[in-house]
Each structure stands twice: as C-alpha cells, then as structure tokens.
Amino acid sequence: MIDRKFPNLSRRTFLLTGTAATGGLIVGIGGLTLGGETASAASADVVAMNAWISFAPTGRIVINIPRAEMGQGVYTSLSQLIAEELEISLDQVDIEQPQMDGAYANYVVALGDDDGSGVVWHWAAEIVLSMIPYIGTGGSTSVRDAWDRLREAGATAREMLRSAAAATWDVPASECTCANGTVTHTPSGRTLSYGDLAEKAADQSPPSDVVLKPRAEWKIIGKPVARLDIPEKVNGTAKFGIDTLGDGLLFATVLHCPRLGGRISRFDADSVKDMPGVSGVHEVAGGVAVVADNYWNARQAADALDFEIEGGDAKLSSEGIIATLTASLDGEADKVWVEEGDAITRLDASANTLEATYTAPYLAHACMEPLNATVLYENGKGTVWTGNQSTTVAVWATAEGLDIDTDDVTVHITYLGGGFGRRAEKDFVLQAAQVAKHYPGRPVKLLWSREEDIRADTFRPASATRFKAALDQTGNVTAWHHRAATQSVAQSFGDRVMPWGGGDGLSDEAVIEGGLHQPYRLGHQLVDYVHHAFPVPVGNWRSVGHSQNAFFIESFIDELAHAAQRDPFEYRQALLADSPRFAAVLERAATIAQWGRNLGPNRAQGIAIHKSFGSICAQVADIHLDPENGLRVERVACAIDAGMIVNPNTIAAQMESGIIYGLTAALFGEITIEDGEIVESNFPDYEMIRLANAPEVQVEIIESTERPGGVGEPATPPIAPAVANALFRLTDTRTRQLPLMHAVDIWT
Amino acid sequence: MKLRINGTEHDVDVSEDMPLLWVIRDTLGMTGTKFGCGVAACGACTVHIDGEAIRSCSFSVGGAVGADIRTIEGLADGSTLHPVQEAWIAEQVPQCGYCQSGMIMAVSALLSENPSPTDEEINSSITNVCRCGSYPRIRKAIHRVAETSNVGTSVGVETEEEAG
C-alpha cells in the first residue's frame with residue numbers, strides 16, 4: 001500500500017516566477033522579455049502551507065498543479081478539490097506549475113486504481129516508485145489520483161489556519177469557523193484572512209487526522225464551475241509552448257529522416273547556410289535542425305537542405321503490415337491474457353459459431369499546436385518551456401540534450417495545444433536542448449512543421465483481431481475466443497522515453513485492453529495476443545488500446561445480436577445481466593437516444609458500450625446515409641458513469657471532445673505507409689471533421705457514489721462501433737475495417 | 001515596410017513574401033495568432049485584413065501594407081470584450097484553446113457581415129479545424145451572439161452557475 005501523504009513543508013518560502021497581472025493564471029513562464037516588454041513581475045515571496053497551497057502577500061492563493069492543462073480542465077477541477085476543503089473561492093486562486101518534486105507524482109497512472117481497472121503501463125509499476133517520480137498527465141488519471149490527496153491537502157491547511165487564528169486570539173479552535181478565505185471567531189465576530197494568518201499557520205503542526213466533508217456538504221465539488229483558463233483562451237493571451245518569447249531568441253525547425261527506421265547519414269550545411277537568416281545546421285536525435293532568425297527562414301532552409309538517408313526498409317507498407325498482422329492470427333499466440341474454462345473445446349464442439357476478423361489502421365495525433373520546445377542553456381544550467389504532459393520527461397529530455405544534471409534544469413510547463421498522448425514523448429524537447437547547447441545564452445525555440453508533426457508522429461498502432469463465439473439456441477454466448485495481433489505501445493514508448501526501456505511487450509495490457517474484465521456473459525473465455533514489432537514508432541493515442549479494441553468488440557457483439565436475430569440494445573442488456581452498473585449506463589443512452597423510434601428513410605441508430613480508464617460510456621449514434629451526399633452522423637447520445645464527479649461541465653465537454661476525436665478517426669483516420677515512408681502530411685490529406693459535419697452531442701452523467709473514474713479518454717472508444725453498427729442497419733453489409741470512408745462516401 | 005496592426009503602426013524589415021503570420025508572431029512577438037498547418041487548411045492563423053477574415057499563413061506580408069490588420073489581441077475594445085468573446089466564455093467553448101483565436105476571428109468577421117446566419121451559412125463560412133471537438137459549443141455560441149441585439153453591443157458575462 002503506497003503512502004500517499006505529501007511531504008509537509010512546515011516553513012518554506014519559494015519564489016513565484018510569474019505575474020498575476022491578468023488576474024488569472026500564472027503558468028511559470030518566467031522572466032523572458034521581448035523588445036523591452038517585461039513578461040514577469042519580480043519574484044515574490046509566498047508562504048507554502050504544503051506542496052499544493054501557498055499564500056502570496058497580495059492575498060492571492062497559489063495552487064500548485066503539476067498536471068498539464070490540455071483542455072480537459074484539470075487546472076480547474078483539481079483546484080475545486082482543494083477549494084472545497086480549504087474553504088476558499090476560486091476567484092482567489094492563481095495556478096502555478098511547480099518544479100519536480102516527489103509530492104507531485106502520479107501514482108494512478110503507474111499503478112492503476114484499487115479495483116484493477118484503468119491500469120496504464122503497470123509493467124513499470126514497481127520501478128516507478130523507486131525512481132525519480134513520474135509526474136505526468138495521462139491515462140485519464142488526474143482527478144482519480146488527486147481525489148483524496150488534494151482534499152486532504154486543503155483540509156490540513158484549513159485546520160492549520162484555524163489553529164493559527166485560535167492561537168492569535170487565544171480562544172478554542174472549536175469557536176473558529178473557516179469560510180471564504182477567512183477565519184471568524186464566531187462568538188466575538190473577529191476575523192482574520194488566510195493571507196494574514198499564513199505565516200503563523202505554516203508553523204502549526206499539521207493534524208494527522210483531518211476529516212473530509214461528506215458529499216452532502218459539497219458546495220464546489222460537483223458543480224459546473226467556470227474554467228479558470230477560458231478567459232485567456234478567448235483573448236489571445238494564453239501562452240502555449242509555441243508562444244515562448246525571449247531576449248536573443250533563435251528559431252529552429254527540424255527535418256526528420258523520411259524513411260521509417262532509417263537515419264539521415266549525410267547533410268550539406270553549406271547548401272543552406274547562406275540562405276536568409278540562417279545561423280546553423282545541426283544533427284539532432286531523429287534528424288537535422290536548422291536555426292534561423294524566424295521560423296519561416298528556418299523552414300525555407302530545412303526544405304532546401306541537401307541530405308542523404310540510409311537504413312530503414314524501403315519496401316515497408318501499411319498494407320503489408322496489416323496483411324502480416326491478419327495472417328498471424330492463424331498461428332500461435334505469444335501470450336494468453338484470459339483463460340476461463342476451455343473455450344477452444346467448446347467452440348470446436350459447437351454447431352452454431354460465428355467468426356469475424358477486423359482491422360484498424362495507424363493513426364496520427366494531429367494536435368492543433370505542432371510540437372515544439374524552447375530551451376535556454378546558460379552557465380551550465382538549462383531552462384525549458386514546453387507543453388509536455390510530463391514535467392519529469394521534460395526535465396529528463398532537457399538534461400539529456402544539454403548533458404547536464406536534472407537538478408540543473410528549470411522547467412516551465414505551458415498550456416498544451418492538444419496532447420492526446422503525443423505530448424508525453426520526449427523527442428521534441430530533446431531536440432530543442434540539443435540545438436540550444438550550440439547557442440549558450442540564447443533561448444532556442446524549436447518548432448516542427450505540420451508535415452513533420454504528422455510524419456514523425458508516434459502513431460496509434462495498426463492491429464488485426466479475430467473473434468470466434470459459440471451461441472446457444474437463444475443467442476447466448478457459451479464460448480468466446482478473442483485474439484489480437486498488434487505492436488505494443490508500452491514497449492515502443494518505454495524504449496523511447498523511459499530510462500528502464502520498454503520491456504518485451506508481453507506485459508502490456510494495452511494491446512488487449514477492453515477485452516479483459518468483460519462485463520458480458522461470455523461463457524468460456526480465451527483472450528490471447530500475437531506480438532509484433534515493426535519499425536513504426538507507436539505511442540499513446542487517446543484511449544490507447546481501447547481505441548481499436550472497442551470497435552472490434554462492440555462490432556462483433558453487434559454481429560452476434562444480428563445472428564441471433566435480436567435487437568442490439570436488448571441483446572446487450574441480456575448479456576449484461578451480471579453487470580448492473582453497465583446495464584444502467586446502456587439503458588440511459590438508449591433512453592436519451594429514443595432507441596427504436598422511427599427515424600425515416602436512410603436513417604438508423606447504432607449502439608455501443610465500453611468501459612475504459614475507470615468509467616463506463618455508452619453511445620447511440622443517429623446516422624443519415626444520403627444516396628447523393630454520403631454518410632453523416634447527426635447526433636450522438638452519450639451516457640457516462642464516471643463515479644463521483646468534480647465538474648459536470650468539463651465532463652460534458654470531454655464527452656463532446658472524445659466523441660468528435662474518435663469520430664474523425666472512425667470516418668477518415670488512416671496513416672498510410674508506402675515505400676517505407678508516411679504518405680499523409682497535413683490536413684488536406686488527413687481529413688478532419690469540421691463544424692459542418694460535427695454531430696450534435698447530448699450527454700447525461702449518471703449520478704454515482706462510486707470512486708471517480710476518468711473522463712479524458714472514455715468517450716473515444718464507443719463512437720466508431722456505434723456508427724459502424726448503425727451503418728450495418730442501413731446497408732446490411734458489415735464493415736470490419738476502419739476508416740469507414742473506404743466503405744461509404746462521407747458527407748463533408 | 002509599415003504595417004498597421006490593431007490601430008498601431010509597426011516598422012518591419014522583412015522580405016515581402018514572408019507570410020504575414022510569421023511577421024506577426026516572430027518579428028513582432030504577437031503570439032495570439034496561431035500556426036496550425038501553414039497551408040491555409042485549418043484557420044488557426046485567421047486575422048482580419050480590412051475587415052475580411054484572411055488565413056495569414058498563406059498571405060504575403062507585402063500584400064498587407066496599407067491595410068487595416070486586426071488580430072485577436074485587437075478584437076476587444078480595451079477591457080470590453082467583443083460579443084463573440086463574451087459568448088465564448090458564457091458557453092465555455094474552448095478546451096485546449098489553441099484553435100480559438102482563429103475561430104473567434106473567423107466568426108466575428110462572419111457576424112459583422114451577416115449578423116443572423118443560418119446553420120448552412122455558418123457551416124460554409126466557418127471551416128476552421130478544432131481537434132478538441134468544441135464545434136457543438138461553437139455553434140451554440142454563434143447563435144447566442146446572433147440572438148442578442150447588434151454585434152458591437154457588449155453582452156454581460158454570466159455568473160458561474162449560469163455558465164454551466
């Protein structure tokens with residue numbers, strides 16, 4: 001059992017690096033200036049109550065949030081947890097991104113929740129605890145990980161403030177109430193603000209037995225509090241990594257080896273050094289960087305650079321890879337993940353079996369903000385400004401690139417213009433540091449072009465999966481064999497990013513996630529895996545293994561329903577007889593969607609339910625297949641059970657977000673490899689859903705007293721099968737490959 | 001060359017064919033306007049040139065000389081937000097927020113020309129990409145602005161409870 005208590009900093013002063021000038025958020029941008037305009041106030045002393053809460057002399061309350069704000073609202077929801085117990089209003093709060101500290105580790109992302117669901121990278125579980133702690137945002141874990149710890153931090157600080165007031169007035173603490181950032185001595189009406197009490201409070205002994213508020217008393221948790229970062233995001237002042245400025249700033253861009261698995265063996269700096277604004281050309285991890293006086297000049301030169309490549313496989317193709325994956329399903333499995341009873345014998349003996357093989361392609365992340373990082377190397381120390389999902393990885397990569405100690409790195413995590421798992425990687429930070437080392441005293445902003453961002457992505461892996469099931473006379477499943485063939489994300493990611501490497505891929509639950517802990521009654525179960533390694537870098541893509549496995553599983557369940565001649569909703573309800581929590585979510589989605597109503601010609605509904613990252617999400621897609629214009633998803637009804645919730649508005653937004661992200665992939669998403677190179681390069685050939693073809697989304701959040709689940713990813717897995725299942729109703733043809741644009745025209 | 005941006009004259013010494021986006025961001029340090037694709041396919045770089053929504057990544061700076069250029073930083077009137085910005089806050093539109101400068105510039109240009117657009121007109125006019133899926137709220141926010149009185153009139157920002 002991990003000790004989840006944070007270290008108590010009983011009296012510690014540390015420096016603020018930003019300014020509250022906007023009346024909102026400080027994101028530790030630091031003291032860089034451009035053209036005389038000062039971007040930061042002089043550092044101010046704050047009084048730290050603990051690793052999370054500090055009081056500034058201005059009266060503002062500084063909350064340290066060591067998680068990346070990438071639109072999921074984590075700055076706000078985590079502040080709500082603290083504010084509830086601390087008894088403050090969010091109007092008083094400024095957010096700071098802290099430096100690395102053990103207090104900020106994300107335990108849930110490494111170890112999972114107590115119920116065993118939502119485990120991410122659990123192969124690294126034991127190692128993480130003994131290493132520099134992993135401070136990262138991913139796996140839809142921020143609220144789950146912070147749930148107890150941040151409320152305890154708020155409650156503990158509150159009690160110390162109450163004790164300090166009681167000591168000041170020489171009255172019993174029981175006569176003092178805390179509300180709205182103030183302690184009041186109820187009998188006499190005397191008050192003291194938290195700010196005035198801070199120094200004395202920080203010297204109090206922190207109580208070891210704080211009692212958290214019961215749910216019935218919550219005033220902030222569970223409420224649709226307005227996001228703290230939104231005002232900056234409508235007036236252009238929100239600073240993303242790409243917006244870092246500084247005295248003497250240099251601009252760099254990178255050219256990667258176009259062939260997967262290859263390298264740039266030779267480049268001719270002379271071919272570009274006389275181009276406008278160019279300062280230098282340097283080898284970096286994965287390619288070559290060109291440095292200039294602005295991004296445009298750097299990019300012109302990078303595009304003109306004379307270079308040669310070697311290595312890699314010029315015959316590699318995604319078509320070949322998918323054929324290899326599919327063929328491998330006939331062979332031996334490398335790992336058995338679930339074995340309950342004897343599925344193979346039952347299947348062989350059954351007179352009524354159904355078998356189907358599915359495939360899904362590689363996918364790119366395509367965050368709106370192309371990858372970038374800014375590094376300053378000065379006096380043997382490094383400073384990095386970047387939107388990375390992991391403070392730890394940003395520090396490691398900077399230290400590695402500059403060849404200095406991690407203790408000599410100062411990190412500023414900015415807002416992220418999309419993360420989706422791509423920004424958990426180290427490559428763009430490492431490259432920036434490697435370039436910066438050549439220019440001591442000058443910050444270097446390294447920015448990838450959109451083309452490089454897509455082509456040098458760490459892709460959602462391609463996969464092939466086969467199901468075989470035996471049905472009895474009423475359509476109940478009596479035996480189930482689920483075999484997956486794909487690359488291991490944990491192996492690929494671990495080899496790139498983690499000091500201890502990626503392992504052999506055989507302990508990576510992500511390859512089969514969604515297929516374990518099945519809520520359906522499936523009788524005898526065998527779930528196994530055929531391992532592959534291709535020279536294609538694969539990484540965490542929003543919902544990871546669930547992103548393809550939900551399409552496979554929920555499509556096949558739908559096939560079984562139709563084989564049994566039963567309604568897909570009713571059939572699932574029957575199979576969920578032992579899983580009432582799932583059944584309730586499915587029921588809610590069907591209700592919102594008015595499942596079964598007469599939709600008129602060329603319209604149909606499809607349903608899917610999937611649990612991921614601790615939450616259960618069911619969706620019904622209403623589609624219209626117009627003979628002239630093609631397929632359009634008009635509405636998605638979404639029910640989510642995420643346990644106890646912090647902010648229903650950010651949850652609704654994450655449902656809308658996950659659905660549209662997943663729908664883009666379901667309809668259009670495909671990264672093609674031909675002759676060893678990625679074909680797609682930019683939005684014109686990597687099609688996106690836009691306002692015109694975005695569905696209406698209706699969300700209902702199930703009331704629950706269960707422990708919180710995640711919300712960043714769970715809405716992505718169900719949408720592809722919901723739409724594919726609806727398409728089957730209209731065409732009577734089962735689509736077993738994504739993207740759907742190969743099966744039907746898509747309305748754009 | 002001289003550029004007039006948000007009412008202020010700037011003197012810049014750059015090549016005429018440099019895209020306006022990079023002059024704004026890198027030369028002048030005005031980072032509200034964003035880079036998303038560089039090929040006018042996503043709209044993150046949208047600014048107003050003489051009132052018209054233009055994708056600045058694909059517009060040469062030379063062509064902007066003498067024009068009235070407006071970026072997201074110049075949309076508000078001092079501390080009074082533009083009605084589109086007010087609606088964006090009221091509907092809690094942004095997620096990561098990176099696309100929103102361009103989105104707001106595109107929408108404000110549309111509404112100044114067509115204060116009550118139909119959904120079809122909105123669809124064909126607002127083609128910016130948002131990877132976070134804020135489209136449903138964008139549509140709602142556009143209708144919200146259209147339903148109030150003239151664009152140009154300040155709309156009060158709602159309380160926290162109403163914003164939910």
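For the stretch A:623-748, DSSP calls about 45 percent of its internal beta bridges antiparallel.
Taking every Cα-Cα distance in the stretch A:479-533 and sorting them into 5 Å bins from zero, the calculated P(r) comes out as 5, 19, 26, 18, 14, 10, 6, 3, 0 percent. When peptides A:150-158, A:99-107, A:265-273 are sorted by average Cβ neighbour count within 10 Å, with the highest value leading, the order is A:150-158, A:99-107, A:265-273. I need the shape label for the stretch B:1-131. Rule: rounded when a/c is under 1.5, else prolate if a/b > b/c, else oblate, with a, b, c from the alpha carbon gyration tensor. Taking the square roots of the gyration eigenvalues as a ≥ b ≥ c, the stretch B:1-131 is prolate. I need the shape label for the protein assembly as shown. Rule: rounded when a/c is under 1.5, else prolate if a/b > b/c, else oblate, with a, b, c from the alpha carbon gyration tensor. Rounded is the answer for the protein assembly as shown, as its axis ratio a/c remains below 1.5. For the stretch A:202-244, trypsin sites (Lys or Arg not before Pro) meeting the loop criterion (DSSP other than H, G, I, E, B) and having at most 13 other Cβ atoms within 10 Å: A:Lys219. Once both labels are positioned 7 Å from their Cα atoms along Cα-to-Cβ, the gap between A:Gln573 and A:Asp203 label points is 6.6 nm.
Between B:Cys96, B:Cys42, B:Cys57, the residue with the greatest mean-square fluctuation in the GNM of chain B (Cα pairs under 10 Å linked by springs) is B:Cys96. In chain B, helical runs assigned H by DSSP with n ≥ 4 each contribute -39500 (n - 2.57); averaged across all residues and rounded to the nearest 500, the mean residue ellipticity at 222 nm is -7500 deg cm²/dmol. Rounded to whole numbers, the Karplus 3J(HN,Hα) couplings from phi for the stretch B:127-143 are 10, 4, 8, 10, 7, 8, x, 7, 3, x, 6, 4, 4, 4, 5, 4, 5 Hz, using 6.51 cos²θ - 1.76 cosθ + 1.60 with θ = phi - 60°, and x at Gly and Pro.
For chain A, what is the calculated [θ] at 222 nm in deg cm²/dmol (nearest 500), taking -39500 (n - 2.57) for each run of four or more DSSP H residues and dividing by its residue count? Helix contribution divided over all residues of chain A: -8500 deg cm²/dmol. Remark: the protein assembly as shown carries 35 Å² of accessible area per residue (probe radius 1.4 Å; ligands, DNA and RNA excluded). Computed from protein heavy atoms with a 1.4 Å probe, the total accessible area buried between B and A is close to 4500 Å². Taking the 1.4 Å solvent-accessible surface of chain A as the whole, the part contributed by carbon and sulfur is 48%.
The phi torsions of the stretch B:112-118, fed into the Karplus equation with coefficients 6.51, -1.76 and 1.60 and a -60° offset, translate into couplings of 6, 8, 9, x, 10, x, 6 Hz, rounded to whole numbers, with Gly and Pro shown as x. Inter-chain neighbour count for B:11-19: the average number of beta-carbon atoms from partner chains within 10 Å of each residue's beta-carbon is 2. Measuring max minus min along each principal axis, the C-alpha atoms of the stretch A:329-488 give extents of 75, 30, 26 Å (largest first). Our estimate of slack between A:Glu332 and A:Arg581, defined as 0.36 nm per intervening residue step minus the Cα-Cα distance, is 86.1 nm. Only protein atoms count toward the accessible area here, which uses a 1.4 Å probe; on the stretch B:35-159, the carbon and sulfur part of that area reaches 48 percent. Note on B:23-33: average number of Cβ atoms from other chains within 10 Å of each residue's Cβ is 5. Extending 7 Å from the Cα toward the beta-carbon at both B:Glu113 and A:Thr705 defines two label points whose distance is 5.7 nm. Inter-chain neighbour count for B:115-125: the average number of beta-carbon atoms from partner chains within 10 Å of each residue's beta-carbon is 1. Computed 3J(HN,Hα) for the stretch A:732-748, one whole-Hz value per residue from the Karplus formula 6.51 cos²θ - 1.76 cosθ + 1.60 where θ = phi - 60°, is 6, 10, 7, 8, 10, 10, 9, x, 5, 5, 7, 9, 9, 5, 10, 5, 10, glycine and proline marked x. Summing +1 for each Lys or Arg and -1 for each Asp or Glu among the other residues whose beta-carbon sits under 11 angstrom from that of A:Thr237 gives -2. Give, as ranges by residue number, the residues of the stretch A:698-734 whose backbone N falls under 15 Å from the point 7 Å along Cα→Cβ of A:Arg215. What the label zone holds, given the 15 Å backbone N cut-off, is A:701-709. Between the amide H of A:Ser488 and those of A:His532, distances stay under 5 Å, these residues lying 5 or more places away or on another chain, with hydrogens modeled in the peptide plane. Extension gain for the segment A:Glu634 to A:Thr748, taken as residue separation times 0.36 nm less the Cα-Cα distance, is 39.8 nm to one decimal.
Rounded to 0.05, the FRET efficiency of the B:Ser124 and A:Arg190 pair, given R0 = 56 Å and the Cβ-Cβ distance, is 0.30. Beta bridges from DSSP with both residues in chain A: antiparallel share about 75 percent, rounded to the nearest 5.
The values are calculated or read from the model by the stated rules, or taken from the named source; none is laboratory data. Since the structure is predicted, the reported quantities are computational estimates derived from the model, not experimental observations. Glycine also receives a Cβ, built like all others from the backbone with ideal geometry; neighbour counts cover every protein chain displayed. These accessible areas exclude ligands, DNA and RNA; they are computed on the full protein's heavy atoms, side chains included. Shrake-Rupley method; radii C 1.70, N 1.55, O 1.52, S 1.80 Å.
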